[in-house]
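In what follows, a structure is listed as structure tokens, so that the remarks can point back to it.
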Amino acid sequence: MEREGQRPVPLPGRLRYRFDRTLARSTARLMGWLVVCCLAVVIPVSALLVWTDPAAPRSLVERLEAVWRTSAQTLRLGEASGTPLRMALSAVLGLVALLCVSTLVGVITTGLEKRLTELSRGRSTVLEQGHAVVLGWSDQVFTVVAELLAAQNARSGRRPQPVVLLADRDKTEMERALAIHVGAAARGRVICRSGPASDPAVLALVSPQTARTVLVLPSGEATGDAEVLRILLALRTVLGEDAQGPPVLAAVSDDRFRAPARLAAGRHGTVLESDTVTARLIAHCVGRPGLSLVLRDLLDFAGDEFHLAGAGAFEGRPFGAALLGHANACVVGLFTADGRTVLNPAPETVVEPGSRLIVVARDEDSTRSEDCRRLVDPSARAVAVAPAADAARLLLLGWNRRAPLVIAQLRDTARSGSVLDVVTEGAVPGAERTVPGPSREAGPPDTADAARLEVRFRSAALSRPETLLGLDLAPYDAVMVLGPDAGSGPDRPDDWTLVTLLGLRLVEQRTGRDVRVVTELTDDRNRPLAPLNPGSDVIVSGELTGLLMAQIAQNPHLAAVFEELFSAEGNTICLRPAGDYVRVGTTATFATVIAAARDRGECAIGYRRRDQWALSPAHGVCLNPHKGERREWGAEDQVVVVAVEFTGAPADGSDLGAQEERVGRQRTP
């Protein structure tokens, strides 16, 4: 009897329930129901075929025998006819054959599925020679992989080697992400393996002992630097402490991990500190509009970059002769026979036997010696003018972990009497005493640094538009915008940066005065969204580190070159008015510019056209032009040189001449 209030279940529902319960009991019942269903369809259809066949036998026995043969052929049970015993034995043989074939198919299918699953997990051993190994996953992985592939494409006549990527992520997801960000070039030439790179057993899968180079990427998380250290130790275990392994290149964010990472990387290892590199570039861009564009063009493999070239034609001759010794390459320094790197040596420095030239060229095989002195037009050269030493007034909006490093770099490079106003969303504890040292501990600034750059802090609600619109930007020579650290809020760091840039753009429109902005972004996809005028610079921290790692991975000797270019002392890349080298309004060759730069103790490597700042994809930047290229030089054009950036009168009261003399001694090898 049904309970009161309970609705009766229809008959189809009860039958479906009983059928489901029967199937759930055992595999034998499932096979039984399968046989019943097959017979219920095959036998009636076979009978219908026989009875509708005009050529079918007339007797019932013969027709039933024809039905049996049709059904047995359909079910692969044999076609023997005759006595019931013969028919039963034929059916048994058919069932046994069907069981064996089905079992064999199942075994093969299971084995193939297991093998495909193992391959999709990325746990098979890579058997390659001379490949590049990338360990870890971060925002820099797309830049590193793309640049490594581009470098291989630039090597004409050589068999391209694959890039092997090992990260603790799903192999399919990595391949899909690389295909989206890197493009079709990643397919077939990037081998992905899945697993923790800090596990020596997993690390051995990518064969680091036969690799040409190994790169270790920081994850960008709070424990990323510690993970880099573990990966380096695992790599040391796989390669062996005394083995001649491939060059190892790693990057860390916190300088406290740099020294241990160098020890773990071994004597063939190089460790970059990504936060310091980013801070140095931000500080350098403050006084050099367009520097980020020049460095991006110089660091990627799409155009001209640093290479080592033979110096046989110039051995025993002064370095100045080599500056005009190549039509399609710009010489910037020497790599001596004893392994020292000397950027922009004095022109009278003698090129020693066994030395190599550091050049900016399309590739290392395209440099050819050619005397270009005939292309110099002495009448077009300008009269040398001493560089101005005006103090600067700067504004910093926002705060993150790189802000103390930026301030320290500005203190090292600012001209005496400069002022930096720092406006943050909230009070930064101990910000007034922030000077990063070896352990990033806060401490009072040196007296000389304080005299060079006065730093003033104040708090304001930068997230409110009226705060930005109320800023008086007229006194400032440049504005720096730093977004918050990743994970410090619900929004992405670039969201806050883009909002701030919009506010600054609105201020420009209201006042009619362009503001030079140097801003930091974390995602290169946001670069086109940044509302900036052509005179501003955008630094993508992850992309910069990735480009540097790819460059050094291709030529480890360039590590010292980039170390000096990004440091506060020594030679760096500068953009200076073209009128300092050639007379404004005259038509002159680039060889004339190089000769003028040589006499100033500099190495010219390119120029930037003012009329192309907002028009060309390169924003007017042209590196390594042909020495015979002739063009009219405007008053606002800039020349890109490798030179020493003087910061004006030193804070200790010594004169500029003494400072130049000290730098000159540093440049002489």
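No value in this document is a laboratory result; all are computed from the given coordinates. Being a predicted model, the structure only gives us computed values, none of them experimental. Cβ: placed from backbone, ideal geometry, glycine included. Neighbour counts: every protein chain shown.
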| request: Order the peptides 245-255, 265-275 from the highest to the lowest mean number of other Cβ atoms within 10 Å of their residues. | output: 245-255, 265-275
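Shape call for the range 132-267 from the C-alpha gyration tensor, a ≥ b ≥ c root eigenvalues: rounded (a/c under 1.5), prolate (a/b greater than b/c) or oblate?
The shape class here is prolate.
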| note | Ordering 492-499, 313-320 by per-residue average of other C-beta atoms within 10 angstrom, highest first, gives 492-499, 313-320
| query | Separation of the range 553-570 and the range 34-70 by C-alpha centroid, Å? | reply | 87
| query | Can you give the net charge of the other residues whose Cβ lies under 13 Å from the Cβ of Ala530, counting K and R as +1 and D and E as -1? | reply | -3
| query | Once amide H atoms are built 1.01 Å from N in the peptide plane, which residues 5 or more positions from Asp485, or in another chain, come under 5 Å H to H? | reply | Arg401
| remark: Residues meeting the amide H criterion for Val271 (H placed from the backbone, H to H distance under 5 Å, 5 or more places apart or on another chain) are Ala250
| Under the Karplus curve 6.51 cos²θ - 1.76 cosθ + 1.60, θ = phi - 60°, whole-Hz ³J(HN,Hα) for the range 473-482, x wherever Gly or Pro sits | 8, 4, x, 8, 7, 7, 10, 10, 10, 10
| field | the range 132-267: relative contact order in percent, alpha carbon pairs under 8 Å with at least 6 residues between | value | 27
| Amide H partners (placed H, <5 Å) of Val518, local residues excluded | Val479, Met480, Val481, Asp537
